[in-house]
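Engineer: Got a structure for you, written out below as structure tokens; questions coming shortly.
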Amino acid sequence: VYYGPEYNNYQIEEVLKKYINQIEYSLSNDVCQDTASLIASNKIVGWFQGRMEFGPRALGNRSILASPQDPSINKWLNERMKRTEFMPFAPSCLFDYADQLFEIPKESMKYPAQFMTITFKMKKKWVDKAPAVSHVDQTARPQLVTRSANARYYKLLKEYKDLTGLPLFINTSFNVHEEPIVCSPEEGLQSLLSGVIDYFCVGDFICKLKS
């Protein structure tokens with residue numbers, strides 16, 4: 001579903017340079033490893049990679065990512081994103097761990113679950129470990145991520161699991177409520193400048209506000 005526009009590091013840096021008075025940025029040697037560390041440190045990350053998704057879900061190329069461990073995140077992250085309605089957060093999860101985390105009635109359901117379209121009952125152990133992505137009825141609507149579908153996003157999840165033991169994290173669409181998902185690096189930067197996210201990981205660059 002990654003049919004939208006993409007931007008290379010040169011194009012991205014040309015945009016970042018325009019905001020040099022407001023932001024700090026650096027070129028990462030391993031953006032997946034560095035971003036996993038940020039999420040594990042409870043930072044809210046805007047993740048902007050490759051070609052934009054086509055369809056109703058952010059699937060790891062224009063996503064806001066966060067730790068699934070803090071149950072209070074639903075309140076304060078919704079406030080940051082101006083989402084005033086009751087809007088639970090969904091997880092991205094390594095495909096290989098799906099059966100450990102969720103009660104999946106049929107093997108065939110795992111394919112549409114790659115597109116975050118099906119809700120499953122979450123196993124009690126994981127409701128306790130990742131309460132931020134479990135709904136009040138202990139269900140979740142996961143995106144099951146394979147290496148073949150999105151190698152960089154899969155690597156990010158794998159790095160996060162290596163750090164925390166958790167094969168999933170929050171993935172919500174990279175937009176403020178009632179606005180379209182960000183398409184360009186400049187649009188993503190606006191979320192950093194307005195305080196919606198703590199870090200903007202775009203291409204191989206990691207950006208934050210100047211202190």
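The values are calculated or read from the model by the stated rules, or taken from the named source; none is laboratory data. Keep in mind it's a predicted model, so treat the numbers as computed, not measured. Cβ sites come from the backbone with ideal geometry, for glycine too, and all protein chains shown count toward neighbours. When the accessible area is computed, the model is the full protein with side chains, heavy atoms only, and any ligands, DNA or RNA have been set aside. Shrake-Rupley method; radii C 1.70, N 1.55, O 1.52, S 1.80 Å.
Engineer: Leaving ligands, DNA and RNA out of it, report the carbon-plus-sulfur percent of the accessible area of region 70-145 at a 1.4 Å probe.
Structural biologist: With neighbouring chains kept in place, the figure for region 70-145 is 55 percent.
Engineer: Kindly state, as a whole number, the per residue volume in cubic angstrom of the convex hull around the alpha carbon atoms of region 97-187. The partial results should precede the final answer.
Structural biologist: Values: hull volume 11.7 nm³, N = 91.
In region 97-187, the Cα hull volume divided by residue count equals 128 Å³.
Engineer: Give the share of C-alpha pairs in each 10 angstrom bin for the chain, from 0 to the last occupied bin, in whole percents, shortest bins first.
Structural biologist: With a bin width of 10 Å, the distribution comes to 9, 37, 38, 14, 2, 0.
Engineer: Oh, and also: Once you keep just the Cα pairs under 8 angstrom separated by 6 or more residues, what percentage relative contact order results for the chain?
Structural biologist: That works out to 34 percent.
Engineer: Let me ask something else. For region 1-69, taking Cα atoms only, what is the radius of gyration to one decimal and the Dmax to the nearest whole Å?
Structural biologist: My reading of the Cα-based Rg and Dmax gives 13.5, 36 Å.
Engineer: So what's region 75-124 giving for Cα Rg divided by 2.2 N^0.38 Å, two decimals?
Structural biologist: Relative to the rule-of-thumb radius for its length, region 75-124 sits at 1.39.
Engineer: Which lysines have a Cα less than 20 Å from the Cα of Lys208, not counting those fewer than 8 places away in the same chain?
Structural biologist: List returned: Lys17, Lys18, Lys43.
Engineer: Dipole magnitude of region 90-211 about its Cα centre, charges +1 at Lys/Arg Cβ and -1 at Asp/Glu Cβ only, in debye to the nearest 20?
Structural biologist: 460 debye
Engineer: Going by alpha carbons, how many degrees (0 to 90, nearest 10) lie between the helix axis of 31-40 and the longest principal axis of the chain?
Structural biologist: Orientation of helix 31-40: about 60 degrees from the principal axis.
Engineer: Can you give the % of DSSP beta bridges in region 37-145 that are antiparallel, to the nearest 5? Mind showing how you got there, number by number?
Structural biologist: Working: 8 of 11 bridges.
Taking every DSSP beta bridge with both residues in region 37-145, the antiparallel ones total about 75 percent.
Engineer: Any idea of Ser41's accessible area? Nearest 10 Å², probe 1.4 Å.
Structural biologist: For Ser41, the solvent-accessible surface is approximately 70 Å².
Engineer: At a 1.4 Å probe radius, which order do Tyr199, Tyr3, Tyr111 fall into by accessible area, largest first?
Structural biologist: Values: Tyr199 45, Tyr3 165, Tyr111 140 Å².
Heavy-atom accessible area, descending, gives Tyr3, Tyr111, Tyr199.
Engineer: Okay, next question. Write out the trypsin sites (Lys or Arg not before Pro) in region 79-158 meeting two conditions: DSSP loop, and at most 13 other Cβ atoms within 10 Å of their Cβ. Display every interim value, and only then the final one.
Structural biologist: Values: sites: Arg80, Lys82, Arg83, Lys106, Lys110, Lys121, Lys123, Lys124, Lys125, Lys129, Arg147, Arg152, Lys155, Lys158; in loops: Lys82, Arg83, Lys106, Lys123, Arg147.
Passing both the DSSP loop test and the Cβ count: Lys82, Lys106.
Engineer: Something else now. How far is helix 151-164 tilted off the main Cα axis of the chain, in degrees rounded to 10, range 0 to 90?
Structural biologist: 70 degrees
Engineer: Tell me, what are the semi-axes, in whole angstrom and largest first, of the equivalent ellipsoid of region 1-121 as set by the roots of 5 times the Cα gyration tensor eigenvalues? Don't skip to the answer; put the middle values down first.
Structural biologist: Numbers: eigenvalues 165, 72, 45 Å².
Output for region 1-121: semi-axes of 29, 19, 15 Å.
Engineer: Additional query: Given Cβ point charges of +1 (Lys, Arg) and -1 (Asp, Glu) and nothing else, what value in debye, to the nearest 20, does the dipole of the chain about its Cα centre take?
Structural biologist: Roughly 440 debye for the chain.
Engineer: Counting pairs of alpha carbon atoms under 8 Å apart in space and at least six apart in sequence, what relative contact order in percent does region 115-211 give?
Structural biologist: About 15 percent, as a whole number.
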